[in-house]
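See below for the structure under consideration.
The values are calculated or read from the model by the stated rules, or taken from the named source; none is laboratory data. Here the structure is a predicted model, which is why all the values come from computation and not from measurement. Here the Cβ is made from the backbone with ideal geometry for all residues, glycine too, and neighbour counts use every protein chain on show. Ligands, DNA and RNA are excluded from the accessible area calculation, which covers all protein heavy atoms including side chains. Shrake-Rupley method; radii C 1.70, N 1.55, O 1.52, S 1.80 Å.
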Amino acid sequence: MQEGCYERSHPQFSLEDRLLEQVQAASYTLIGANKAHYHYFVGNVLQQQYNEAAKHRKSEMSWMLVLAGDHLYRGKRCLVRQELKDKTAELISLAAIQLEENACFESAALYLRRAIELLGPSGWKRRYCLCLKVHTFSAEMEYCSGNQHECNLRVKEVQRCAQTLEDKETAIYVWMSSLSSLRRHCEALQTGYILLRKMKFMWMPARVNSMHMMIEYALTLNAIRRQDDKSLLNKGEATDPLVEKYVRTLMQVVTFAWFADAHIEQTFLSLRALRISLQYGYTPHTGTSFALVGLVSGSLGNYQEARRLGQIAMRLQERFTSMEANLMTQYIYYTNIHHLHNTCSNLTDYLTEIRSTGLNTGNVCIACIAAGASVISAYNEGRIRLDRLASQAGHYREEQISYNKTTMMMVTRVYRQLILNMARRSSHNPAKLEGDEIKDFQEFMRKTGNDKLTQRHIITVSMQLAYHFGDLERARFFATQNQKFWKKDHLSHHSLFMPFYRGLIWCQLHEREKGTKYKIKAKEELKTIRGWVNYGLAFRNIFVLFMEAEIMALVDGKAIDGLRADVERTFVKEAYDNVISEATSFQYNHIAALAYERAGTYFARSDHVLAAEYLNKAVEGYNNWKAWGKIQFLRHKFSHLIKEAKCISRQMGGTTVFSSYISHTL
């Protein structure tokens with residue numbers, strides 16, 4: 001250490017490790033000009049040992065192959081003949097496969113770049129199959145590691161040199177996924193649709209319209225209803241490999257259509273994929289097509305059929321080992337169908353598991369999508385403290401940027417800003433979607449471009465923020481906008497919260513402005529939610545009870561005076577208590593806190609003792625959720641009713657500006 005061999009700037013390494021590293025580095029310099037021969041010799045020894053171990057099927061010795069590839073490349077000066085270079089390139093590509101299986105995507109991409117260098121530009125004429133394999137695999141690894149530039153170069157090289165469409169297909173798949181991960185969904189959709197028409201497996205219209213969709217829906221549903229669940233589960237597998245490729249392509253293009261907001265194309269292609277599977281045999285992506293057709297059935301109000309098809313999709317995973325298809329099936333099922341017959345208290349856990357599995361198996365894009373969706377579900381479920389959820393959302397955002405998979409990155413940022421505002425960790429107006437994550441709302445909206453999915457989330461989140469922090473004018477604007485498009489996301493878990501929040505806003509607007517306009521709107525939202533409960537979504541009864549209580553208190557209530565007011569207050573209290581009990585039983589504790597808040601606000605006009613009881617319980621519930629922004633808002637609004645508590649006096653970033661804003665507003 002006195003001589004400078006050991007630096008204290010590496011506290012994560014022990015002294016022995018650091019000194020050993022320095023000794024190795026010093027020893028390496030003593031080899032001198034013979035380094036290339038040294039590497040070549042070591043690489044050959046390791047290769048021989050690996051070949052010997054492979055004969056005895058010792059898979060744990062695969063690290064030797066990786067080291068052999070590295071040493072042989074470093075000794076490339078000894079590879080005089082092109083034949084030796086080709087052989088080394090083939091060995092390095094096998095080492096890259098080992099690295100990919102261990103989720104070392106950047107290292108695998110580096111190895112494949114070396115293999116391409118050894119093959120040279122003339123490799124396509126000399127070793128066509130090897131070059132095709134290496135370039136295609138390299139495009140996949142560059143895509144997984146987030147290096148879009150190198151990925152694009154590999155894809156273009158394959159498209160230029162590959163001889164047939166079949167040879168180009170995998171590279172085109174990677175190219176489409178790359179476009180979609182950069183939120184260029186329309187381009188990905190157009191490329192995929194052109195590929196489907198070129199494959200010529202089945203007639204495909206030049207432009208899909210509603211008539212095509214309805215015909216496909218009738219044909220597919222007719223094929224499904226002719227068979228019971230057992231027959232659908234036990235149907236044989238496709239024998240023609242072209243069927244598997246075509247269905248896989250259909251499922252990929254459906255994904256692009258989903259994010260491109262092309263609902264007609266999404267529905268048509270989902271139905272077409274399932275009909276082909278029923279006609280020609282099942283493929284690894286048939287389960288995904290079942291889940292998507294279940295989504296279509298549910299969006300049309302047939303929840304029973306949606307549950308049936310979703311459960312068949314999940315059971316079909318046992319027959320196939322394609323992790324790409326299985327992860328997509330799980331994502332569609334858990335975000336759109338699972339809550340039709342479950343309380344959804346564990347949706348975040350499922351999505352987190354999909355993310356972990358995707359990262360470990362090379363399905364990075366679906367992993368990043370699931371990560372963004374898990375932030376949304378965690379907020380809606382209210383099971384994770386907001387301070388922790390804000391940190392988790394920030395980690396997922398950085399992860400999506402590092403992998404260059406930005407499909408859900410903007411949505412993740414939107415929900416992180418919502419969480420920061422609710423948690424009093426923003427220095428801006430809490431009723432507005434601005435703060436430490438989103439500096440300028442208008443600029444952020446411009447950056448979304450044609451990304452309709454992100455824009456819908458922005459409007460939904462802005463509506464919730466405006467409602468929570470008492471800005472009824474902003475709430476009215478965004479609720480009106482939300483009402484225009486919310487059915488496009490219908491059946492997804494988060495979409496079921498939209499009519500609920502809109503109904504709460506209409507009730508408060510009716511109380512302020514009277515008339516019949518908002519009264520009718522509020523009762524229409526209640527009718528929608530009650531329809532879900534009647535169709536089998538029993539846990540949504542929380543929202544029915546909440547809306548009934550709000551309508552009773554703010555819309556249909558009488559003037560508070562005399563005996564009639566006492567009777568009314570009794571009924572209103574009972575209604576809010578039912579909401580709180582139901583929300584607590586389903587572990588929607590943040591909804592219970594909101595019910596306490598609304599009950600306290602109602603009784604603050606007539607019974608201060610009862611109002612104080614409800615409001616302090618609301619503060620307690622919000623504190624457990626770490627929604628300090630809501631607590632600050634309530635303490636300013638009802639300072640004479642809410643008692644001081646040490647647990648909510650914690651100082652966080654942006655508190656001074658937040659407090660001054662609330663004081664000014666009130």
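The figure for PHE633 is an accessible area of roughly 10 square angstrom, using a 1.4 Å probe on the protein chains alone. Name the shape class, rounded, prolate or oblate, that the alpha-carbon gyration tensor gives for the range 184-238, where a ≥ b ≥ c are the square roots of its eigenvalues, rounded holds for a/c under 1.5, and otherwise prolate holds if a/b is larger than b/c and oblate otherwise. Prolate shape, in that a/c is at least 1.5 and a/b is the bigger ratio. Each residue of the range 617-624 was assigned a 3J(HN,Hα) from its phi angle through the Karplus curve 6.51 cos²θ - 1.76 cosθ + 1.60 (θ = phi - 60°); the sequence is 5, 5, 4, 4, x, 5, 5, 5 Hz, with glycine and proline shown as x.
Atom-type composition of the exposed protein surface of the chain places 51 percent of the accessible area on carbon and sulfur (1.4 angstrom probe).
Applying a threshold of 28 Å to the alpha-carbon distances of LYS200/LYS484; LYS168/LYS405; LYS432/LYS488 flags LYS200/LYS484 as lying beyond it.
With contacts defined as alpha carbon pairs under 8 Å and 6 or more residues apart, what's the relative contact order of the chain in percent? That works out to 8 percent. Applying the Karplus relation 6.51 cos²θ - 1.76 cosθ + 1.60 with θ = phi - 60° to the range 327-335 yields 3J(HN,Hα) values of 5, 5, 4, 4, 4, 5, 5, 6, 7 Hz, where x marks Gly and Pro.
As a calculated quantity, the FRET efficiency between ILE264 and SER122 at R0 = 51 Å, using C-beta atoms, amounts to about 0.60. Angle of helix 303-316 to the longest C-alpha principal axis of the chain, folded into 0 to 90 degrees and rounded to 10: 20°. If R0 equals 56 Å, the separation of the Cβ atoms of LYS156 and LYS517 corresponds to a calculated FRET efficiency of about 0.45.
Treating the angle as unsigned and between 0 and 90°, give the value, to the nearest 10°, between the Cα long axis of helix 472-485 and the longest Cα principal axis of the chain. Helix 472-485 sits at roughly 50 degrees to that axis. Fully extending the segment from THR164 to ALA36, taken as 0.36 nm per residue of separation minus the present Cα-Cα distance, adds 42.1 nm. Taking a straight Cα-Cα cut-off under 20 Å and skipping sequence neighbours fewer than 8 places away in the same chain, the lysines within cross-link reach of LYS643 are LYS617, LYS626, LYS630. For the range 84-92, 3J(HN,Hα) computed residue by residue from phi via the Karplus equation (6.51, -1.76, 1.60; θ = phi - 60°) reads 5, 5, 5, 5, 5, 4, 5, 5, 5 Hz, glycine and proline entered as x.
Counting heavy atoms of the protein chains alone, THR528 has an accessible area of about 50 Å² for a 1.4 Å probe. Per the Debye formula on identical point scatterers at the alpha carbon atoms of the chain, with no solvent, log10 I(q)/I(0) at q = 0.07, 0.08 Å⁻¹ is -0.58, -0.73. Considering only ALA109, MET251, MET323, the residue lying farthest towards the positive end of the dipole of the chain is MET251, judged by Cα position with unit charges set on Cβ.
Judged by the ratio a/c of the largest to the smallest principal axis of the C-alpha gyration tensor, the range 85-170 counts as oblate, that ratio being 1.5 or greater while a/b is no larger than b/c. Residues of the range 293-323 falling in the label zone of TYR535, defined by backbone nitrogen less than 19 Å from a point 7 Å along Cα to beta-carbon, are 293-312. Starting from the Cα gyration tensor of the range 172-287, take the square roots of the eigenvalues, sort them a ≥ b ≥ c, and report rounded, prolate or oblate (rounded when a/c is under 1.5, otherwise prolate if a/b is larger than b/c, else oblate). Since a/c reaches 1.5 and a/b is larger than b/c, the shape of the range 172-287 is classed as prolate. Ranked by solvent-accessible area (1.4 Å probe, protein heavy atoms only, all chains present), the residues LEU30, LEU132, LEU196 order from largest to smallest as LEU30, LEU132, LEU196. Of ILE264, ILE332, the residue with the largest accessible area leads and the full order is ILE264, ILE332 (1.4 Å probe). Rounded to the nearest 20 debye, the dipole magnitude of the chain is 1280 debye, with +1 charges on Lys and Arg beta carbons, -1 on Asp and Glu beta carbons, and the Cα centre as origin. The angle separating the long axis of helix 241-259 from the principal Cα axis of greatest extent in the chain is about 40 degrees. Based on Cα contacts under 8 Å between residues 6+ apart, the range 5-160 shows a relative contact order of 15 percent. Around the amide H of GLU237, modelled in the peptide plane, lie the amide H atoms of TYR282, all under 5 Å away and 5 or more residues distant in sequence or on another chain. Each peptide in 185-191, 544-550, 21-27, 240-246 receives the mean, over its residues, of other Cβ atoms within 10 Å, and ordering these scores from highest gives 544-550, 185-191, 240-246, 21-27. At an R0 of 56 angstrom, the distance between the Cβ atoms of GLU473 and ASP228 translates into a FRET efficiency of 0.55. Ranked by the mean number of other Cβ atoms within 10 Å per residue, highest first, peptides 78-84, 296-302 order as 296-302, 78-84.
Annotation for MET211 and LEU84: the two label points, set 7 Å from Cα along the Cα-Cβ direction, are 6.9 nm apart. Estimated from helices alone, the mean residue ellipticity of the chain at 222 nm is -23500 deg cm²/dmol (sum of -39500 (n - 2.57) over DSSP H runs with n ≥ 4, per residue).
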